[in-house]
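The values are calculated or read from the model by the stated rules, or taken from the named source; none is laboratory data. Since we're looking at a predicted model, the values are computed, not measured. Neighbour counts run over all protein chains shown; Cβ positions are idealised from the backbone, glycine included. With ligands, DNA and RNA removed, areas are computed over all heavy atoms of the protein, side chains included. Shrake-Rupley method; radii C 1.70, N 1.55, O 1.52, S 1.80 Å.
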Amino acid sequence: MSWALIPLNEEQREIQRTAREFAEAEITPHSAAWDRDSYFDKSVIAKMGALGFLGMMIPEEFDGLALPTTTYVVALEEIASADASIAVAMSVHNSLPTQMLLKWGSDAQKARFLAPMARGELLGAFALSEPEAGSDAASLTTQAVRDGDCWVLNGTKAWVTSGSEADVIIVMARTDNPKERRGARGISAFIVTPDLPGFKVGKKEDKMGLRASPTVQLELVDMRVPAENLLGREGAGFTMAMQSLDNGRLGIAAQAIGIARCALEHATVYAGERRQFGKPIKEFEAIQFKLADMATRIAAARALLYQAAAAKDRGEQITQYSSMSKLFASETAMWVTTQAIQIFGGYGYVKEYPVERLFRDAKVTEIYEGTSEIQRIVIARELYSRSP
Ligand code: CAA
């Protein structure tokens, strides 16, 4: 079955093959058990690091593969089609903390963190949200106060993917004066490591899906962060986070497409094997139409993602296209996995087959890194901010 409407180049095909073989050997055999046990296997991350999958867009001087975004999303789809939980760790690490360090890190910060992150020895995370600051991210309240050669942070970060396993976390906190708030311009970004005094992993969320990906709160109580761990300019943390989410949302689109593709593959096989009324159910138009629509939407989602990734590689502003891509791919994943369950009937509703997990995993792609509603707001705003 040919999947790529837009032909892949030799490098992309090679990376795709490597990712697919790795996923088939090291991930797929375990994904049902990891989901059942809510188990995050960090050894897989180390193996992915050895293959370069944790430093896909990091330059070679920092031990990365220096690949374009268009190749990264091809690899990410493969990993996601095997296990969406592993894929989100890969996506967050590649799109958010490493890209932030690369773009805004000082030479010393890059030297300390980037190479071990590219090799997969240090796993990255991103902490923007808080219990009371989700879609309205600029309303976050974690406060950082300068004290000598440290910043002292107090607050609770929420919904942090890989937060309990990460070695490097980019934490957004307020550095403005509580009596003179500066809104989004009062937020700064800090490089946080779990060994800092006052850092504590809090509640682990008991999630519907993506159960093998630990999502936690971080409790920061008088956490002392060395001043040299301020990332970028003081007060620039929110725009840095938003710009990085433009990248992150491409990763979530790739993850959603991987989930959807896996559901289609299972549904296609099942419809060929399952017999009712004396013939395989794939011979009924009701099933054919579902499969046709599933394949069409996935192809469209992938084409949009590849175009958005190519725009990023050309250095263009991708805010609108990354939101479009994430919106369309995540709603495709939810719709396709719903159809897959319908094709499986009762067997789709039980854990014996993987489509039930895919359905649960798909849902969060419509929520994290900006809900579908937020993506629509971003897309609509961009319509008005661009000259005709
Ligand atoms: N690129 C660069 N700068 C941007 C930007 C972008 N994409 N989006 C906004 N900015 C800048 C603006 O230009 C503005 O800068 P100035 O002050 O210099 O003018 C500043 O940021 C504030 O922008 P807005 O006024 O647009 O901010 P807002 O408060 O209205 O919020 C929003 C905009 C789009 C709703 C934003 O809050 C948003 O994206 N919310 C969703 C948050 C989100 O995606 N959270 C996910 C967290 S990560 C996660 O899910 C868990 C995980 O571990 C993966």
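For segment 331-343, enumerate the residues that are buried (at least 24 other Cβ atoms within 10 Å of the Cβ) and either of a type in the set (A, V, I, L, M, F, W, C) or under 22 Å from THR71 (Cβ atoms) (or both).
THR332, ALA333, VAL336, ALA340, ILE343
Here is a check on your reading of the model: is GLU356 open to solvent by less than 30 Å² (accessible area, probe 1.4 Å) and either modelled with pLDDT under 95 or of a type in the set (Asp, Glu) (or both)?
Taking the combined requirement at face value, the residue satisfies it.
For segment 134-164, which positions are outside any loop (DSSP other than H, G, I, E, B), within 22 Å of the chain's Cα centre (by Cα) and within 9 Å of the ligand (Cβ to nearest atom)?
ALA137, ALA138, ALA158, TRP159, VAL160, THR161 - these are the residues of segment 134-164 that are outside any loop (DSSP other than H, G, I, E, B), within 22 Å of the chain's Cα centre (by Cα) and within 9 Å of the ligand (Cβ to nearest atom).
Can you tell me which residue is farthest from the ligand (Cβ to nearest atom) among those in segment 359-387 that are among the small types (Gly, Ala, Ser) and open to solvent by 60 Å² or more (accessible area, probe 1.4 Å)?
SER387
Of all residues being of a type in the set (D, E, K, R) and either more than 16 Å from the ligand (Cβ to nearest atom) or part of a loop (DSSP other than H, G, I, E, B) (or both) in segment 290-330, which is surrounded by the most Cβ atoms within 10 Å (Cβ to Cβ)? Just the residue, please.
By that ranking, first place goes to ARG302.
Are there any pairs with C-beta distances below 6 angstrom linking a residue in segment 360-371 that is farther than 13 Å from GLY258 by Cβ and in contact (Cβ under 8 Å) with a residue 60 or more places away in the chain to a residue that is more than 9 Å from the ligand (Cβ to nearest atom) and open to solvent by less than 30 Å² (accessible area, probe 1.4 Å), with the two at least 6 apart or on different chains, and if so which?
Matching pairs, first to second residue: ARG360/GLY209; LYS363/GLY209; VAL364/GLY209; VAL364/LEU210.
Only one residue in VAL269, VAL221, VAL201 is closer than 27 Å to VAL364 by Cβ, surrounded by fewer than 18 Cβ atoms within 10 Å (Cβ to Cβ) and more than 16 Å from the ligand (Cβ to nearest atom). Which one?
After ruling out the rest, the residue left standing is VAL269.
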